[in-house]
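The values are calculated or read from the model by the stated rules, or taken from the named source; none is laboratory data. Since the model is a prediction, treat every value here as computed from it, not as a measurement. Here the Cβ is made from the backbone with ideal geometry for all residues, glycine too, and neighbour counts use every protein chain on show. Please note that ligands, DNA and RNA were not included when accessible areas were found on the heavy atoms of the full protein model with its side chains. Shrake-Rupley method; radii C 1.70, N 1.55, O 1.52, S 1.80 Å.
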Amino acid sequence: MLAKLTLEQKIELIGGVDEMFTHAEPVIGLPRLKMSDASVGVRTWGPTTAYSGGAALAATWDRTYARKLGESLGKDARARGVNFLLGPGVNIARSPVSGRNFEYLSEDPFLNGALVVPYIQGLESEGVSATVKHYALNNQEYNRHNVDVDVDERTMREIYLPAFEAAVTQGHADAVMNSYNLINGAHATQNPFLNLRVLKGDWGFQGILMSDWDATYDGVAAANNGLDLEMPSPRFMNAKALLPAVQSGVVNEATIDDKVLRILRVTLRYGWIDRPQLDLNESTYSVADRAVALQGTLESITLLKNEGNILPLDAAKIRTIAVIGPDAWPTVPGGGGSSQATPFEPVSIVTGIAALVGPKVHVLYTRGLPEMNEIFWRTHWAEAVQQSTFPSKDFSGTPEMMQTPSIANYKEEWWGPEDKTPRSIRYSAAFKAAKAGKYLVLAAASGNDHYKVSIDGKQILSQDQIEGQHPESASIDLTAGQTIQVIADYLPGFAGNRFGLGIINEAEMISDDVKKFASAADVVVVAVGFNPSTESEGFDRTFALPWGQDALIEAAAAANPRTIVTLTSGGAVDTHRWLDKVPALVHTWYPGQEGGTAVAEILFGQHDPEGKLPVSFDRSWDDDPSYKYYYPIAGADTTLHVTEVGHPPVDYVIPHVNYGDKLMVGYRYWTTMGKHPLFPFGFGLSYTTFSFSKLEIPASAGSGSTVKVGFDVTNTGKVAGSEVAQLYVSDPSAKVDRPERELKGFEKIELAPGETKHVTISLDARAFSYWSESDHKWTIDPGRFVIRIGDSSENTPLSADLALQ
């Protein structure tokens, strides 16, 4: 097939077309291959089943379900003629504020690898290629196109690469997607260490390495450093750049041949030439998929607090239930960005609860909070707002002055026409508090707009995201009659004005119905958290809940102490204002289309909660081990020159992020330092209880041999449930510093009341190894190891020593 192609035809095949396709080549009978964004659903080609993937999948700790999810996604893809599903995402949840954590899996490389392998196997068993992403170290959305990650090889090998390695060497993934960011000075799409030495060298990857959309920056460098397919179009890796490069010997034609061969081999491996990819025997709308989606959500929902065993609720003892909050309705199946799927029939929390309890229970619903623009319009400034529009980007020059009664131009727009006239806008206003209390200061803009808000000369809000953004808010205390001076400097990213700013008393912001409904109800469910506008691809989220939600929980709990909080988010959030005021907290992650049904079944005891945290749940953002190392190093920016054939060169500012936390990610940090997060990795409550006993392990074994660890798990409670037995390995005699413990095995077990099952987990050489930077290989230091068994990273009641010789 390759021999029939001209050089020009070969180059055409290594660039995408029409956003979601590869080129067809009639000369060799090659069809164009169709792609779809993914992770939680086949979302590009219309409504689909929206599953609770990503962090929710990791919270199931269920390899069998991961396989089933992959199979269902494969069927959904075949029903739409999709060849490549652009997922799963397996990047490490290094920090709770990373905007895409909800789409990825966990903070632990072993857990990620253990789940991604069956996911891929299930997907590819249906004739659809997985595309494992984003390779590599895409652990923040802030400035993701330009940020340069400075990281050592050991940290990469032990934390950030193992899930990709498992996907390739065990799952046999046929496609990998490069990330946007730079790693140690080179963009991922042209990174020789990642692409040539590790992926195609050490791991022997035989599939297609494609770019993320517009993640290529140099056609020749990408061609020579491992990129096989530039998506969505050949902006850089095209004939204009590569034909002269091949003719001059800068790029070998054999390098182009290798890329084409990879595309052809994957095509032949799946039989895409011999059969249509569209399978009319699969359903576009699948009832069977709904059951799979529900199962995943039921398994992922994680009970974090259940004071006084308020849960499960007894519907027979409830006459009225109040369901309150912005995430109660409409459904929030997933976060924002390219993973966001539109389900056919999503079930919200309020409708799910109403359907379960039936007509004999009164269900009262209120959002509880106004829409954001209402805050901007309702703000009563002490006098007219002064708007000064400067003819520059730095608030210099003579401004054009006008007065306005409000600052309420906000609308959600990611992109727009270029602003041909430089502008910067300053708003000056005074606000007088009518009564003493807490006041919410809320600001919002869109796209790459920037702003800073100061009160009485002190900056309290700022927005400097590069690609997208979320509203920013702060809570301030004011006395009755106190007047504050407010200055907002707004720098539009493109034509128009999308800025909004408002101040409102928190008590007045809460709907009157909240107190009425909560007081009248036997129990209250407050559904809070994020949504596609506040947690998304393209920008990082806040650690605090979105604006007004802390006050909403406080108001509901003050009116009714039997208040249960459900949390929608990709990870941990700040709970300090209200956690001690509510008896129960239920983490729903992003629950997919069946979220309302699953939440209702968990709350009313029709299903025992079995989710376990795939991340550590910090008390505060600055408690997190990545906090000091998350944002760019001041004064370390470099410049990158990018030249596109036929266009003038462009210089990009490249900020550098130092992964100074090294191996101390999540629970590795907490257990090594002897400290405790709010809730530890692996933690999750149940309506029953479990015990661990009868640990069996050899006293010694040969270094590099397989070690079998056995133990019993017993359901000591009164209801059926599932437990996740977790195995951690400690290496106190290592010659190098290692985390105090690391997850190296787990097993999910379903147990009836009183039932005991024996569990056996095998540990291979890798379970005891670390990456030697001097020898550039996986290494075991013979000596004493400790095997720990339990139900979280902190609770390991069984332990025993093992001597490796």
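Observations, loosely collected:
- Here the accessible area is traced with a 1.4 Å probe on the protein chains. For the range 486-592, carbon and sulfur cover 53 percent of it.
- Ordered from longest to shortest, the equivalent ellipsoid semi-axes for the range 515-623 are 22, 18, 13 Å, each the square root of 5 times a Cα gyration tensor eigenvalue.
- Net +/- balance of residues flanking Ala222 in space, Cβ distance below 13 Å, scoring K and R +1, D and E -1: -4
- Charge tally around Lys515: other residues with Cβ under 13 Å, Lys/Arg +1 each, Asp/Glu -1 each, net -3.
- Solvent-accessible ranking of Tyr410, Tyr490, largest area first, probe 1.4 Å: Tyr410, Tyr490
- Accessible area (Å², per residue) of the chain, counting only protein heavy atoms and a probe of 1.4 Å: 36 Å²
- For the chain, share of DSSP beta bridges that run antiparallel, in % to the nearest 5: 70 percent
- Backbone amide hydrogens, once placed in the peptide plane, bring Glu740 within less than 5 Å of Thr672, excluding anything fewer than 5 places away on its chain.
- When nucleic acids and ligands are ignored and a 1.4 Å probe is applied, Asp775 ends up with an accessible area of around 90 Å².
- Rolling a 1.4 Å probe across all protein chains gives His647 an accessible area of roughly 100 Å².
- Given Lys305/Lys708; Lys581/Lys748; Lys133/Lys259; Lys305/Lys675; Lys435/Lys628; Lys438/Lys612, the pairs whose alpha carbons are separated by over 28 Å: Lys305/Lys708; Lys581/Lys748; Lys435/Lys628; Lys438/Lys612
- Within-14-Å neighbourhood charge of Ala291 [Cβ basis; K, R +1; D, E -1]: -4
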